[in-house]
């Protein structure tokens with residue numbers, strides 16, 4: 001089974017203005033210059049498995065046995081206190097260090113090992129679990145060698161990169177590779193825009209830097225894909241442009257201060273765009289707006305397509321989310337939207353995400369429902385009864401239909417519509433009965449549309465689904 005682990009052809013050239021760098025003869029110069037800025041991090045924690053604990057054994061008395069004993073904490077008689085190993089890098093000569101949050105999250109003691117063998121106790125300045133970044137401070141006797149952040153947006157697929165870290169507790173190790181891909185999604189909590197590299201990254205490399213050929217940090221190594229726990233050449237780093245913003249906030253405030261406007265967005269697919277009568281799939285579709293939030297106060301509505309935010313093009317929902325959380329709290333930004341195909345200009349004031357964290361409502365099991373009504377979309381529906389309102393926590397102001405069952409092999413099942421979902425709109429118009437829904441379908445068919453757009457509520461969160469209309473039999 002493949003696991004995500006914390007890591008710790010020929011082309012015809014017509015016109016070219018870019019110049020690719022040749023492969024270096026050696027990385028020794030870079031490694032010698034940068035290695036002193038990379039540190040080893042050892043932590044002591046209680047009731048926590050060591051970072052990268054693998055089910056590995058070694059012959060008694062072999063050198064590998066000693067390495068694994070050191071890596072796993074060494075003391076099998078005291079499992080309540082475990083050693084974890086990771087990496088970090090110095091960004092300030094006075095002793096400021098960046099690492100992964102998961103390296104130090106549960107630590108009761110943190111020791112930093114410098115390249116000259118010095119070991120110093122470290123304190124946590126601030127942590128950010130959402131980006132997996134932590135900031136530490138040590139007190140060295142003399143100024144240290146530090147490195148700076150580069151522009152991760154400028155890193156291109158195929159560029160050479162260098163990773164330096166502390167794999168398996170072996171100490172400073174250097175590996176080289178290339179940027180294999182950009183904008184990788186790993187189902188992270190907020191930021192999901194990783195750099196993929198084939199430079200060898202293993203357990204213990206967590207928190208270590210990924211350098212470009214100028215010696216600038218363009219990423220923080222954070223995860224690998226591996227069926228065995230070791231490197232297979234698929235590693236991931238958090239982009240430096242994300243890290244630098246988080247680090248700046250942690251240094252100034254000890255915590256993050258992210259932007260929030262109270263809006264949920266989703267990707268704009270071809271089918272949904274057709275259902276909205278929109279041209280193209282550029283933008284982020286608003287699936288829900290929080291009551292009393294900045295977006296609602298600024299005039300944003302469910303079904304709007306956000307195409308520009310603060311003067312920047314919004315390519316999709318991920319870009320929109322990143323724009324918001326990286327915007328300074330308190331600013332008023334211009335937002336351009338399409339509403340029923342017409343452009344609207346709005347102004348929205350950015351609030352603090354930390355003060356307005358969304359709560360997730362747990363959906364209850366589907367009860368037995370009376371008066372099940374079938375539809376031509378392969379859905380069996382029921383009206384909202386008082387019992388179901390209470391069970392699904394549906395506000396009295398919300399009307400709609402409850403999905404009781406979904407036929408297999410239909411567009412509804414392909415679009416992940418589930419029993420318990422509440423259909424509140426069809427074609428952006430409210431529905432209360434299955435007859436309402438079927439009437440909307442008839443209108444869409446007469447207009448020769450291929451899809452019908454449903455607005456769903458699931459656990460209190462709104463989203464859109466574009467269902468293909470059944471073809472006429474005949």
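The values are calculated or read from the model by the stated rules, or taken from the named source; none is laboratory data. Because the structure is predicted, anything quoted here is derived from the model rather than measured. Here Cβ is always computed from backbone atoms with ideal geometry, including for glycine, and neighbour counts include all displayed protein chains.
Kindly check whether there is at least one residue in region 56-67 that is out of contact with any helix residue (DSSP H, G or I) (no Cβ under 8 Å at 6 or more places or on another chain), outside any helix (DSSP H, G or I), surrounded by 12 or more Cβ atoms within 10 Å (Cβ to Cβ) and modelled with pLDDT under 60.
Quick first cut of region 56-67, residues out of contact with any helix residue (DSSP H, G or I) (no Cβ under 8 Å at 6 or more places or on another chain) only: 60-66.
Pick out the ones that are also outside any helix (DSSP H, G or I) and you get 60-62.
Going one step further and asking which of them are surrounded by 12 or more Cβ atoms within 10 Å (Cβ to Cβ), we end up with none.
No, region 56-67 contains no residue that is out of contact with any helix residue (DSSP H, G or I) (no Cβ under 8 Å at 6 or more places or on another chain), outside any helix (DSSP H, G or I), surrounded by 12 or more Cβ atoms within 10 Å (Cβ to Cβ) and modelled with pLDDT under 60.
Of all residues in region 291-317, those satisfying the criterion of being surrounded by fewer than 18 Cβ atoms within 10 Å (Cβ to Cβ) and closer than 18 Å to residue 182 by Cα are 315, 316.
Just one of the listed residues (304, 267, 271) is touching a strand residue (DSSP E or B) at 6+ places or on another chain (Cβ under 8 Å) and modelled with pLDDT of 90 or more, namely 304.
Please count how many residues of region 163-182 are assigned to a strand (DSSP E or B) and more than 11 Å from residue 219 (Cβ to Cβ). Reasoning before the result, please.
Restricting attention to region 163-182, the residues satisfying the condition of being assigned to a strand (DSSP E or B) are 163-165, 173-182.
Cutting the leftovers down to more than 11 Å from residue 219 (Cβ to Cβ) gives us 164-165, 173-178, 180-181.
Of the residues in that region, 10 qualify.
Of all residues in region 229-249, one or more are over 29 Å from residue 151 (Cβ atoms) and surrounded by fewer than 18 Cβ atoms within 10 Å (Cβ to Cβ).
Can you tell me which residue is farthest from residue 93 (Cα to Cα) among those in region 109-126 that are out of contact with any helix residue (DSSP H, G or I) (no Cβ under 7 Å at 6 or more places or on another chain) and in a strand (DSSP E or B)?
109
Need the failing condition index for residue 89 against (1) within 29 Å of the chain's Cα centre (by Cα); (2) modelled with pLDDT of 60 or more; (3) surrounded by fewer than 21 Cβ atoms within 10 Å (Cβ to Cβ), just the number. All conditions are met except number (3). Here the condition is being buried (at least 17 other Cβ atoms within 10 Å of the Cβ) and either assigned by TED's automatic domain parsing to the domain that holds residue 38 or modelled with pLDDT under 95 (or both); of 113, 154, it holds for 113 alone.
Determine if region 235-246 includes at least one residue that is over 17 Å from the mean Cα position of the chain (by Cα), part of a helix (DSSP H, G or I), in the same structural domain as residue 154 (by TED's automatic domain parsing) and over 23 Å from residue 424 (Cβ atoms).
Taking region 235-246 as the starting set, the residues that turn out to be over 17 Å from the mean Cα position of the chain (by Cα) are none.
No - not one qualifying residue is present in region 235-246.
For residue 263, only one of the following conditions fails: (1) outside the structural domain of residue 161 (by TED's automatic domain parsing); (2) surrounded by fewer than 18 Cβ atoms within 10 Å (Cβ to Cβ). What is its number? Against the list (1) outside the structural domain of residue 161 (by TED's automatic domain parsing); (2) surrounded by fewer than 18 Cβ atoms within 10 Å (Cβ to Cβ), residue 263 comes up short only on (2).
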